[in-house]
1. Treating only the Cβ atoms of Lys and Arg (+1) and Asp and Glu (-1) as charged, compute the dipole magnitude of the range 221-370 about its Cα centre; round to the nearest 20 debye.
2. I'd like the chymotrypsin sites (Phe, Trp or Tyr not before Pro) in the range 29-101 restricted to DSSP loop residues with at most 10 other Cβ atoms within 10 Å, sorted by number.
3. Would the chain count as rounded, prolate or oblate if I go by the C-alpha gyration tensor, calling it rounded below 1.5 in a/c and otherwise prolate when a/b exceeds b/c, oblate otherwise?
4. Pop a pseudo-label 7 angstrom from the Cα along the beta-carbon direction at both ARG20 and GLU223 and give the gap in nm to one decimal.
5. Would you mind computing, in nm to one decimal, how far apart the modelled labels at ASP191 and ALA120 are, each placed 7 Å from Cα along Cα→Cβ?
6. Can you tell which of VAL105, VAL198, VAL335 shows the greatest fluctuation in a Gaussian network model of the chain with Cα springs below 10 Å?
7. So if I place +1 on the C-beta of Lys and Arg and -1 on the C-beta of Asp and Glu, and nothing else carries charge, what would the dipole magnitude of the range 149-288 be about its Cα centre? I want it in debye, nearest 20.
8. Among SER257, ALA147, ASN237, pick out the residue whose Cα is farthest towards the positive end of the charge dipole of the range 130-259, where Lys and Arg carry +1 and Asp and Glu carry -1 on C-beta, about the Cα centre.
Amino acid sequence: MSNDVAVAGVGMHPWGKWGRNFVEYGVHASRAALADSGIDWRDVDLIVGGETVRNGYAGYVAGATFAQALGWNGAKVATSYAACATGAQALDTARARILAGMSEVALVVGSDTTPKGFLAPNAGERWDDPDWLRFRLLGMTNPAYFALYARRRMDLYGATAEDFAQVKVKNARHGLENPNARYRKEVSVEDVLTSAVVSDPLHLLDICATSDGAAAVVLCSTEYAARHGIGGGVKINAISTVTPTFPQTVIDMPLLSTESTNAVPAPERTFKESIGQAAYEEAGIDPADVSLAEVYDLSTALELDWIEDLQLCKRGEAEVLLRAGDTTIGGRIPVNPSGGLACFGEAVPAQALAQVCEVTWQLRGQAAGRQVEGARVGITANQGLFGHGSSVILSV
């Protein structure tokens, strides 16, 4: 049985710091996706909202929130939350109901209004919450984790601060022609290296911002797409939402320690490696078939990790690809042709959906100014707190 569903339409609200309610952004993105699909709102029978958990305002019922804002149409609703993997989990919920024959047309939407500065846990004492504990006990903000990953690459593979800066330079160039990107300005290696050090070896321009923004995707069955002549042939072939396998031998945010392998052998793959592998296996697609990747570049160094985690090159070779220009548009395997989080920033429930929007535009040949020529297969990757992995594979 095929797990394919059709991408009927995609839409976004531009990323930035707009200071308005997240619902406004989500409605904008939803209407754009519906217009792109040509499907009437009244024909949508399922709305899945990506939950916005930010200091207690009403994002906790996102599915119903967006259904009401768009106009009650009698559709079923669902709400998903998986931190930075929220959008992919919401997408998987919609896909599962379509494949089960319980839905024919689904709208998936995520949007966010973020505070300035570091994303921190909500207030209150929660001694069983590792995210809260890392702030309370260690003062460990996200950039400190990013720096640990970066230092690991330097120690293991000889990565340099200049390599990390070159990732930012590449992504900034990619984002120049992206109308939804927040930052649309070229930067140089020197700009990155002379920006403030946030957590050594990472500078301010190595780290993504927090942003407001939204993305939406309209899914339908492949039969519905064929009957109505919509979607441009873009299909979702696989969605991975795997969790870690015990024991974890590489520290993953927000865990503070790893488990011993004295009693239990180390797993075949790390958690991040297993995310993409699960998607490849479900889709029946080989990493060599991938035309482009949209990955979760919370920091420049993390992009290099993801290139290897997705098996786009061997372990320790991401810097080789970067230095050769293979990960830029026109290279062998363009990574983050949208500009990535380097140009967008984090809008947590929306970012995994934004990646799907970008891959869809690339596969349709509609990514003006940043098009990966001949793109046939795209993969996305995200990691959310508490063991939420996500990867989506799309093809034409």
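1. Roughly 460 debye for the range 221-370.
2. TRP72
3. Rounded, since a/c falls under 1.5.
4. With each label point 7 Å from Cα toward Cβ, the separation is 4.0 nm.
5. Placing both labels 7 Å along Cα→Cβ, they lie 3.0 nm apart.
6. It is VAL198.
7. 360
8. Toward the positive end, the furthest listed residue is ASN237.
The values are calculated or read from the model by the stated rules, or taken from the named source; none is laboratory data. Being a predicted model, the structure only gives us computed values, none of them experimental. Cβ atoms come from the backbone with ideal geometry, glycine included; neighbour counts cover every protein chain shown. These accessible areas exclude ligands, DNA and RNA; they are computed on the full protein's heavy atoms, side chains included. Shrake-Rupley method; radii C 1.70, N 1.55, O 1.52, S 1.80 Å.
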